[in-house]
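Novice: Quick one: this structure, given as structure tokens, is what I'll be asking you about.
The values are calculated or read from the model by the stated rules, or taken from the named source; none is laboratory data. Predicted model, so just to flag it, every value in this text is computed and none were measured. Reconstructed Cβ throughout: ideal geometry from the backbone, glycine too, with neighbour counts over all protein chains shown. Surface accessibility is based on the protein's heavy atoms, side chains included, excluding ligands, DNA and RNA. Shrake-Rupley method; radii C 1.70, N 1.55, O 1.52, S 1.80 Å.
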Amino acid sequence: MDFLTLFLIYLCFVLTSIALLCICSGRKESFLLRSVNSATQVLSFVIPTQLQRVTQRVLHRLFHTRNCLFVVLHMALQAAVYGEYTWEVFVYCWELQFHLLLLLLPYLLLAGNVGCFILCSRTNPGVITKSNHASLVKIYAYDGVLFQKGIVCSTCNMEKPARSKHCSFCSMCVHRFDHHCVWVNNCIGAFNAKYFFLYLLTLSAMAATIATITAAFLIQVVLLSDMMHGRYVDDQGQEHAVEILFLIQHLFLTFPRIVFMLGFVILLTLVLGAYCCFNLYLTLTNQTSNEWYKSRRYGCSHHLTLQPHDRQVVYKNIYSKGVWMNVKEIFKPPTVLERKKKT
């Protein structure tokens, strides 16, 4: 086995390990986490030490520091999908007399998505500084479970306001921290959560629209060719009626790039749609991804009740104020002045 092959195997294993570690983060006793660590230790005896150090530095730079890698990847994937849609699907659909507004809809969604992307990536998510710390600490009350008064961030050397968290990517504390999104190269916090929600919504709509138009085109091709009523002869010389699998194979051989793109955008629609629904659930219940993940250890409810010291602590969401107010809080984050008026 040559050095390059060994390096590629090691790199693939490390990347897989990072993905698994991200899934298992916060679960110190996870069996999967222990297995990954054990396998890494075994491979460390085979892989040269210098190669391990170089790989670790590269992966730390890519996955543990703020960089534009995933932004570039995001743009490249978007350009590839829209390039294929423009040069093939759009032209074929125009010849089949699809409605022009339907064909232009993906471009309108793209314009909205790019705008939301720029706002999400450029807007200050709510960085906590010494100048705004005093005002931000008064906005949310401490629930005593996920967020406790008096906890000081060792990096920023400031008391953490309720619902805030220190981002290791950006090396700063963020007000109403949700997560760090590598695809927009920015944290998602109180002041750009609305742009992230719209970005995710338009991205899901883009994928769903392109998938629908592309699928409609392929169905139209099948109907016009009357292929459903045809028959074919297999390798053994036996005649069969055309089946779905045969149609897919035929379409893939005829329009390979279009079928491949359709599979990709369908998968993207399912993944983004699921995440969009999850994000909507968080919005309606006034939770962040960080809070939702941490609350799994305690259970969920809508109101906080004090627990005796000798009983297990149960987490209650004290920040939910009803569906309408929760949605309003995403698009218009509360300020200290608003909080004083309410009290």
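Novice: Can you name every one of the helices (runs of 4 or more DSSP H) wholly within the stretch 268-343 that holds 3 or more residues which are modelled with pLDDT of 65 or more, open to solvent by 30 Å² or more (accessible area, probe 1.4 Å) and out of contact with any helix residue (DSSP H, G or I) (no Cβ under 7 Å at 6 or more places or on another chain)?
Specialist: 323-331
Novice: Right, next: Suppose the filter is free of Cβ contacts under 8 Å to residues at least 24 places away in the same chain and of a type in the set (S, T, N, Q); does Thr123 pass it?
Specialist: Numbers: free of Cβ contacts under 8 Å to residues at least 24 places away in the same chain: no; of a type in the set (S, T, N, Q): yes.
Answer is no for this residue.
Novice: Okay, moving on. Kindly indicate whether any position in the stretch 93-103 is acidic (Asp, Glu) and touching a Lys or Arg at 6+ places or on another chain (Cβ under 7 Å). Reasoning before the result, please.
Specialist: From the stretch 93-103, those acidic (Asp, Glu) are 95; that's our starting set.
Applying the additional criterion that residues be touching a Lys or Arg at 6+ places or on another chain (Cβ under 7 Å) yields none.
Scanning the stretch 93-103 turns up no residue that is acidic (Asp, Glu) and touching a Lys or Arg at 6+ places or on another chain (Cβ under 7 Å).
Novice: Mind listing just one residue for me: the one in the stretch 153-208 that is open to solvent by 10 Å² or more (accessible area, probe 1.4 Å), farther than 24 Å from Thr269 by Cα and among the aliphatic types (A, V, I, L, M) and, of those, nearest to the chain's Cα centre (by Cα)?
Specialist: Met172
Novice: Return the total of residues in the stretch 79-128 being closer than 30 Å to Pro334 by Cα, touching a Leu at 6+ places or on another chain (Cβ under 9 Å) and open to solvent by 50 Å² or more (accessible area, probe 1.4 Å). Before you say what the answer is, go through the steps one by one.
Specialist: Quick first cut of the stretch 79-128, residues closer than 30 Å to Pro334 by Cα only: 109, 111-128.
Now drop any that are not touching a Leu at 6+ places or on another chain (Cβ under 9 Å), which leaves 109, 112-113, 115-117, 119-120, 126, 128.
From what is left, the residues that are open to solvent by 50 Å² or more (accessible area, probe 1.4 Å) are 119.
Total meeting the criteria: 1.
Novice: Which pairs turn up if I take residues in the stretch 165-176 that are on the phi > 0 side of the Ramachandran plot and look for partners that are crowded, with 17+ Cβ neighbours inside 10 Å and charged (D, E, K, R) with beta carbon separation below 7 Å, at least 6 apart in sequence or on another chain?
Specialist: Short answer, once both residue conditions are applied: Arg176/Arg163.
Novice: Within the stretch 93-120, work out how many residues are in contact with a helix residue (DSSP H, G or I) (Cβ under 7 Å, 6 or more places away or on another chain), of a type in the set (A, V, I, L, M, F, W, C) and under 21 Å from Val71 (Cβ atoms).
Specialist: Going through the stretch 93-120, the residues in contact with a helix residue (DSSP H, G or I) (Cβ under 7 Å, 6 or more places away or on another chain) turn out to be 93-94, 96, 102-103, 105-106, 109-110, 112-113, 116-117, 119-120.
Still in the list and also of a type in the set (A, V, I, L, M, F, W, C): 93-94, 96, 102-103, 105, 109-110, 116-117, 119-120.
With the extra rule that they be under 21 Å from Val71 (Cβ atoms), the set shrinks to 109-110, 116-117, 119-120.
Residues that pass the stated criteria total 6.
Novice: Only one of Phe98, Phe117, Phe90 is of a type in the set (Phe, Trp, Tyr), under 28 Å from Asn286 (Cβ atoms), out of contact with any strand residue (DSSP E or B) (no Cβ under 8 Å at 6 or more places or on another chain) and at pLDDT 90 or above. Can you tell me which? If you could, list the steps in order and put the result at the bottom.
Specialist: Working: Phe98 fails: under 28 Å from Asn286 (Cβ atoms); Phe90 fails: under 28 Å from Asn286 (Cβ atoms).
The unique qualifying residue is Phe117.
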